[in-house]
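Enquirer: Would you mind keeping the following structure in view while I ask a few things?
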Amino acid sequence: MTPGRIHPVYANMGATVFERMSALARETGAINLGQGFPDTTPPPELLEAGVRALRDRSSQYPPSGGLPQLREAVCAHYDRTQGLALSPGEVTVTSGATEAIAAAVLALVSAGDEVILFQPAYDAYAPLVRRAGGIPVSIGLQPPAFRYDGAALEAAVTPRTRAIILNDPLNPAGTVASVPELEAIARICVAHDLAAICDEVWEQVRFDGGPHRSLMAFEGMAERTVKIGSAGKIFGLTGWKIGWTVARGELAQALGRVHQFLTFTSAVPLQWAVAEGLAMAHVLNGLQSQWAASRARLRTGLEGAGLAVLPNAATWFLCADLAASGVPLDDAAFAERALREAGVATVPVSALYEGRGVPSHIVRLCFTKSDAMLDQATERLGTWVQSL
Ligand code: GLN
């Protein structure tokens, strides 16, 4: 084949920072607090539901839009937890939230369209927008608070802007958009006729007691929002790759059409298990308290190791501020050396920014791990940070 046939978006692309850190952790035997996944026993109720489905139910194609029972369970879950009135036809089950994001971008973005992203951003967003022919326009949120600024969003809108991508709660920051911030974002979307792709995979992983508020529920947003959820995040089963989109009207139909030619459908026994799991309040509450305890343990451990930890209201992550900790390394050097010298994998937050004004003093650590792993990791980091 003539060289240069690969699409330019992929021709020189490296592995994502999450994949890279996990591969290095596997190679070196480091404790992996990098990529976000639990390293604890999954809820047995979910595993048993999956086994039962594998044994007793059909393993053939469910409808492309998803197992009807799961689509119904997603509606019931959002009615209970967020007061959203949805119907099963508005839900499309996808192979994880990453497919859902791709489906939303492919459904909404045409050549030359501008799409506004807020950084730090999941590193899939910009390449997906570019592959769809769109132009990502980034707004950098700044630590320690990572607040949204309506004026900055308004200033980024041009006649070619078609959509925004919002990740709330925000990974890696662990922050949650306030109601006035969401109101401002919604007002701008309505005023400029923008679609909103809302990556809300952390909606169920909250530690501040607040209810999740979807941008979809704000005035004028229902018809222009794709709300994306993830069973992987809700149940701590990241390898199951069951996610979904929620949207209204023609947007819902378009998402179903994109999905039918992306993956068509997703592992049906796992869809059964997730459908059952969403109705198990004790499982959801149990995970919540388990993660809250791990979050407190990692915070205490990191502070004991001499690291300043930023406030966190959501997600599986804590961020350490290297500058405030007096650590004489930028985040990329810290992540590289902590892995090789301390045996702890982290994620440098600068990897989730592109362009200028990138903060280089924040590293992200995942806390959904066993107590023993968290204790060993913070002990190792403490000794190593002292030696710098
Ligand atoms: N959401 C994951 C994280 O933040 C990454 C997702 C992935 O690796 N595909 O670690």
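Enquirer: Can you tell me which residue is farthest from the ligand (Cβ to nearest atom) among those in the range 153-170 that are open to solvent by 30 Å² or more (accessible area, probe 1.4 Å) and not in a helix (DSSP H, G or I)?
Expert: Ranking the qualifying residues of the range 153-170, first place goes to Pro159.
Enquirer: Can you find even one residue in the range 195-207 that is in a loop (DSSP other than H, G, I, E, B), over 29 Å from Trp272 (Cα atoms), open to solvent by 10 Å² or more (accessible area, probe 1.4 Å) and not β-branched (Val, Ile, Thr)?
Expert: So far as the range 195-207 goes, no, none of its residues is in a loop (DSSP other than H, G, I, E, B), over 29 Å from Trp272 (Cα atoms), open to solvent by 10 Å² or more (accessible area, probe 1.4 Å) and not β-branched (Val, Ile, Thr).
Enquirer: Applying the selection to the range 1-43, what residues are more than 15 Å from the ligand (Cβ to nearest atom), in a loop (DSSP other than H, G, I, E, B), over 21 Å from Pro127 (Cα atoms) and in contact (Cβ under 8 Å) with a residue 24 or more places away in the chain?
Expert: Listed by number, the residues that qualify are Gly29, Ala30, Thr40, Pro42, Pro43.
Rundown of residues vs (1) open to solvent by less than 10 Å² (accessible area, probe 1.4 Å); (2) more than 25 Å from Ala313 (Cα to Cα); (3) not in a loop (DSSP other than H, G, I, E, B), yes/no style:
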{"residue": "Ala73", "(1), (2), (3)": "no, yes, yes"}
{"residue": "Leu84", "(1), (2), (3)": "no, no, no"}
{"residue": "Ala100", "(1), (2), (3)": "yes, no, yes"}
{"residue": "Ala104", "(1), (2), (3)": "yes, yes, yes"}
{"residue": "Val115", "(1), (2), (3)": "yes, yes, yes"}
{"residue": "Gln142", "(1), (2), (3)": "no, no, no"}
{"residue": "Arg147", "(1), (2), (3)": "no, no, no"}
{"residue": "Ala186", "(1), (2), (3)": "yes, no, yes"}
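Enquirer: Could you please let me know if Gln271 is of a type outside the set (Gly, Ala, Ser), open to solvent by 40 Å² or more (accessible area, probe 1.4 Å) and modelled with pLDDT of 95 or more?
Expert: no
Enquirer: For the range 290-302, name all the residues that are in contact with a helix residue (DSSP H, G or I) (Cβ under 9 Å, 6 or more places away or on another chain) and over 15 Å from Leu33 (Cα atoms).
Expert: Of everything in the range 290-302, those that are in contact with a helix residue (DSSP H, G or I) (Cβ under 9 Å, 6 or more places away or on another chain) and over 15 Å from Leu33 (Cα atoms) turn out to be Ala293, Thr300.
Enquirer: Being open to solvent by 10 Å² or more (accessible area, probe 1.4 Å) and either out of contact with any Pro (no Cβ under 6 Å at 6 or more places or on another chain) or touching a residue at least 40 places away in the same chain (Cβ under 8 Å) (or both) is true for just one of Gly174, Gly133. Which residue is that?
Expert: Just one listed residue meets the conditions, Gly133.
Enquirer: Turning to a different aspect of this structure: Would you confirm whether any residue within the range 59-71 is modelled with pLDDT of 95 or more, surrounded by fewer than 23 Cβ atoms within 10 Å (Cβ to Cβ) and in contact with a Lys or Arg (Cβ under 6 Å, 6 or more places away or on another chain)?
Expert: no
The values are calculated or read from the model by the stated rules, or taken from the named source; none is laboratory data. Quick caveat: nothing in here was measured; it's all calculated off a predicted structure. Here Cβ is always computed from backbone atoms with ideal geometry, including for glycine, and neighbour counts include all displayed protein chains. Heads up: the accessible areas ignore ligands, DNA and RNA and are worked out on the full protein's heavy atoms, side chains in. Shrake-Rupley method; radii C 1.70, N 1.55, O 1.52, S 1.80 Å.
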